[in-house]
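The values are calculated or read from the model by the stated rules, or taken from the named source; none is laboratory data. The structure presented is a predicted model; accordingly, all values stated were derived computationally and were not measured. Here the Cβ positions follow ideal geometry from the backbone for every residue, glycine too, while neighbour counts run over all protein chains shown.
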Amino acid sequence: MKKTNLKKQNIIFILMLALTAAYIIFIWIHSTMSAEVSSTESGNVMNFLNDFFIMIGLPGNLTDHIVRKSAHFCEFALLGFLTLWTAYINNKRVIKNLLSVGFVCLATAVVDEYIQIYSVGRSAEVTDIALDFFGVCAGALFFIAVSAVIKLFKK
C-alpha cells in the first residue's frame, strides 16, 4: 500500500474511532438522566411516533415500554455498526473483529446499566444488557450485509 493511502486510512480510522467513542459517551450521558427526564424524553418520542403513524394511516398505539426498549435496541445496533466499521477500517477482517467488537459493545452495555444505578429513579436491568447486545448483533449483521453488497457492486 502506498504511503499516502496508508496515511489516509490512518486518518479515517482515527476519525471513526473518535466518532465511536463520542457515541459511547452519548449513550452513557443519557444513562445519567433522572427517571423523570428520561420519561419526558421517551414520552415526547412516543407522542411524535404515534402522531406520525396516525398521519400515515397506521394505528398510533406505541407504549412507553415499547419506545424505551426499541431505543435500547436501536442505539446499540448503531453502536455495533459503528464499532465493526471502525475495526474494519483498521484491518479489513470482519469475522476476526467480531469478538473484540462484541466485547467492547457488551462492556459498554454493562457500564451503561451500572451508571443507571446512580441516576435518580432509575435502575440497572440485566434484560436491558441482553437487549443491548442483541442490538449490537443486529448492527454488526447489518454492517456485514452492507459491506457484502458494496463488494458485489465493486466487482
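For first residues located in region 18-42 and of a type in the set (Ser, Thr, Tyr), partners that are part of a helix (DSSP H, G or I) and surrounded by fewer than 16 Cβ atoms within 10 Å (Cβ to Cβ) and lie 6+ apart or on another chain with Cβ distances below 9 Å form the pairs Ser31/Val111; Ser31/Tyr114; Ser39/Asp64; Ser42/Asp64. Return yes or no: is Gly121 on the phi > 0 side of the Ramachandran plot and either surrounded by fewer than 15 Cβ atoms within 10 Å (Cβ to Cβ) or not in a helix (DSSP H, G or I) (or both)? Considered against the rule, which asks whether it is on the phi > 0 side of the Ramachandran plot and either surrounded by fewer than 15 Cβ atoms within 10 Å (Cβ to Cβ) or not in a helix (DSSP H, G or I) (or both), Gly121 comes out as yes. Six or more apart or on different chains, Cβ atoms under 8 Å: show the pairs whose first residue is in region 135-155 and on the phi > 0 side of the Ramachandran plot and whose second is surrounded by 14 or more Cβ atoms within 10 Å (Cβ to Cβ) and part of a helix (DSSP H, G or I). So the pair list comes out empty.
Candidates in region 21-44 are the residues that are hydroxyl-bearing (Ser, Thr, Tyr) and in a helix (DSSP H, G or I); of these, the one that is modelled with the highest pLDDT is Tyr23. Scanning region 91-118 for residues that are of a type in the set (A, V, I, L, M) and surrounded by 12 or more Cβ atoms within 10 Å (Cβ to Cβ) yields a total of 9. Among all residues of region 89-97, there is at least one that is within 25 Å of Leu141 (Cα to Cα) and touching a Ser or Thr at 6+ places or on another chain (Cβ under 8 Å). A count restricted to region 1-20 and to residues that are surrounded by 11 or more Cβ atoms within 10 Å (Cβ to Cβ) and modelled with pLDDT of 90 or more stands at 9. Selection of first residues in region 62-74 that are basic (Lys, Arg) and of second residues that are modelled with pLDDT under 95, restricted to Cβ pairs under 6 Å at least 6 apart or on distinct chains, gives the following pairs, ordered by first then second residue: Arg68/Ser42. In the condition set (1) touching a His at 6+ places or on another chain (Cβ under 9 Å); (2) among the small types (Gly, Ala, Ser); (3) more than 20 Å from Thr20 (Cα to Cα), Gly121 is compliant with all but (1).
Scanning region 124-148 for residues that are among the charged types (D, E, K, R) and in a loop (DSSP other than H, G, I, E, B) returns a single hit, Glu125. Taking the conditions (1) more than 27 Å from Met16 (Cα to Cα); (2) buried (at least 16 other Cβ atoms within 10 Å of the Cβ) in turn, Glu75 satisfies each one other than (1). Within region 45-62, the residues that satisfy the criterion of being assigned to a loop (DSSP other than H, G, I, E, B) and loosely packed, with under 14 Cβ neighbours inside 10 Å are Ile56, Gly57, Leu58, Pro59, Asn61.
Only one entry of Ala77, Ala71, Ala87 meets the criterion of being part of a helix (DSSP H, G or I) and modelled with pLDDT of 95 or more, and that entry is Ala77.
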